Amino acid sequence: MNTRKRPNNLWLGRWGFILAATGSAVGLGNIWKFPYMTGEYGGGAFVLVYLLCIFAVGVPVMMIEIAFGRRGRGSPIDAIRRLARESGRSAGWSLLGWMAMICGFMILSFYVVVAGWSFSYLWKTLSGGLSGASVEDMAAIFEANNANPWTLGAWSTLVTVITMLIVGLGVQKGIEKNVSWMMPGMVIMLGIMIGYAMFSGGFGEGVAFLFSFEIGKLTSEGLLAALGHAFFTLSLASGAILTYGSYLPDNSSIARTTLTVAFSDTVVALMAGLAIFPVIFANGLDPSAGPGLLFMSLPLAFQSMPFGTVFETIFFVMLSMAALTSSISMIEATVAWLNESKGISRAKAAWGSGILLWLISTLAMLSFNIGADWTLASKNVFDWLDFLTSRFLMPLGGLGMTLMAGFVLRNEILKSELALPTVGYVLWLYMVRYVSPLGIVLIFIDSLGLMDLDMGSQWTWWLGVLIAISVFGELANPRLKRQFGS
């Protein structure tokens, strides 16, 4: 029985979804982490493996979430429940929707604190508060910023308020209207930064760091990093993409839209690398500084360069936009559920969610100062929020969705929603049933540190050969062609 619900909200066009989903994917971690991993694990060799992982795990799972959202036309909880009922399955599968929605809310509870760093550093740049002679001086400024609960709390509160203002205005007037200028603006500012980096004196070294094809650097750790980033970078299993997918018009191609988002996310991350690392190398700084690269090394580098304050301001405006677009996406699932399922107006749903978010995020914020010793099993509130979401909720939620799409739902539901040619659908279904779950299991095992996978060992390469052979065998299987039709 088709229980398809008429949508309450829609993007004005496919590009509304693409910009919003890309904004969700491009966050603070993506701006420093992916470029650094690229340089650390072999440049072009890492990018090639990463793209393979995107096609094996990221793209198939993202297509699932968008299809779930558009078919179910609702929050993750309601959409998955409707799909399960349409296939004659238990509504208990909506537990996956609960996991996704809670996961996104928990991530945002500590992410607004990190996002607050961007806004505070933008203010410090404009007010002249970022002056130091060494990385140690910059580290002291960063530590002082975190040590003051009133200052740190004020900036995380500002991020929360701006996020709720935008989300409370609605899908078109709030989210789509704002990401339609934030994302192009962010790309333009990255382009300006790259132009500046070309004259920094370290551009050649930065390009070599990012794009030299060094297969010898592609260790087992690098392969797992590529696999994990391909999953986490697209905001999968956190409710954001599924909810955004519920607003996608029926005539939009899910496959083409997904590929566009994955491509855009990768391009923006590489652009960030071209903007950041030449400046770092030009000043002889460490490219492996992690988050400190953004808040310690880069401010120090800008200080010693012509027009440094101008480009430092541009950088932190861009970083703040990246933080906001991600924050908006992570609360949308909760707001949509309260609005659609509980009948609460969108504005009240946004501000009600915002109050609860503020309370939890305040506890996360205090983990950097007066609450640093409030620990359980050696983890404070901030650490626990990060640990539970990245190590458990996201991998388990993603695994559950692949199994539901591959083995639980009726084939004709997703086949009609994806509207792929026969060969494309069979390939996608095979990836969803076997390859993507295997990848997510490897991510889960690696994140928990349960075993040290040697991706260079012979058994792994034989596993790759078997997967390739089974893919072609699946495509050539006449029974499947008859089953799915042309």
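Quick one: work out Rg over Rh on the C-alpha atoms of segment 94-141, Rh as Kirkwood radius.
Using only Cα positions, Rg/Rh for segment 94-141 is 1.31.
Is segment 373-416 rounded, prolate or oblate when judged by the Cα gyration tensor, a ≥ b ≥ c being the square roots of its eigenvalues, rounded requiring a/c under 1.5 and prolate requiring a/b larger than b/c?
prolate
Aspartates and glutamates near Lys173 by alpha-carbon distance under 16 Å, same-chain residues fewer than 8 away left out - which ones?
Straight-distance partners of Lys173: Glu332.
For Lys177 and Trp98, what is the calculated FRET efficiency with R₀ set at 30 Å and r taken between the beta-carbons, to the nearest 0.05?
E between Lys177 and Trp98, to the nearest 0.05, is 0.50.
What's the FRET efficiency of Asp373 with Arg410 using the Cβ-Cβ distance as r and R₀ = 41 Å, to the nearest 0.05?
That pair, Asp373 with Arg410, gives E of 0.20.
Just the number please: accessible area per residue for segment 1-157, 1.4 Å probe, all protein chains included, in Å².
Value for segment 1-157: 35 Å² per residue.
Kirkwood hydrodynamic radius for segment 125-262: how many Å is it when counted over pairs of different Cα atoms?
Taking every pair of different Cα atoms in segment 125-262, averaging 1/r and inverting gives 20.0 Å.
Please give the solvent-accessible surface of Lys33 in Å², to the nearest 10, using a probe radius of 1.4 Å with every protein chain present.
The accessible area comes out at roughly 90 Å².
Of Lys33/Lys124; Lys217/Lys379; Lys217/Lys415, which sit over 31 Å apart, Cα to Cα?
Lys217/Lys379; Lys217/Lys415
Given Cβ point charges of +1 (Lys, Arg) and -1 (Asp, Glu) and nothing else, what value in debye, to the nearest 20, does the dipole of the chain about its Cα centre take?
Roughly 2400 debye, rounded to the nearest 20.
Computing the accessible area with a 1.4 Å probe over protein heavy atoms, can you report the carbon and sulfur percentage for the chain?
Carbon plus sulfur share of accessible area: 67 percent.
Per DSSP H run of n ≥ 4, the term is -39500 (n - 2.57); total these for the chain, divide by its residue number, and report the mean residue ellipticity at 222 nm rounded to 500 deg cm²/dmol.
For the chain, the value works out to -22500 deg cm²/dmol.
Among Tyr247, Met99, Asn146, whose Cα sits farthest toward the positive end of the charge dipole of the chain (+1 at Cβ of Lys/Arg, -1 at Cβ of Asp/Glu, about the Cα centre)?
Farthest towards the positive end: Tyr247.
Semi-axes of the equivalent ellipsoid for segment 217-336, please: Cα gyration tensor eigenvalues, times 5, square-rooted, ordered largest first, whole Å.
So the equivalent ellipsoid measures 32, 19, 13 Å along its semi-axes.
How many Å² of accessible area per residue for segment 159-251, probe 1.4 Å?
Each residue of segment 159-251 exposes 37 Å² on average to a 1.4 Å probe.
Go ahead and run the numbers for FRET between Tyr434 and Ser131, Cβ-Cβ distance against an R0 of 41 Å, rounding to 0.05.
Using R0 = 41 Å, I get an efficiency of 0.15.
The values are calculated or read from the model by the stated rules, or taken from the named source; none is laboratory data. All figures in this text were calculated on a predicted structure; none of them were measured in a lab. Positions of Cβ are backbone-derived with ideal geometry, glycine not excepted, and every protein chain shown enters the neighbour counts. Quick note on the areas: whole protein, heavy atoms, side chains included, nothing else; ligands and nucleic acids left out. Shrake-Rupley method; radii C 1.70, N 1.55, O 1.52, S 1.80 Å.
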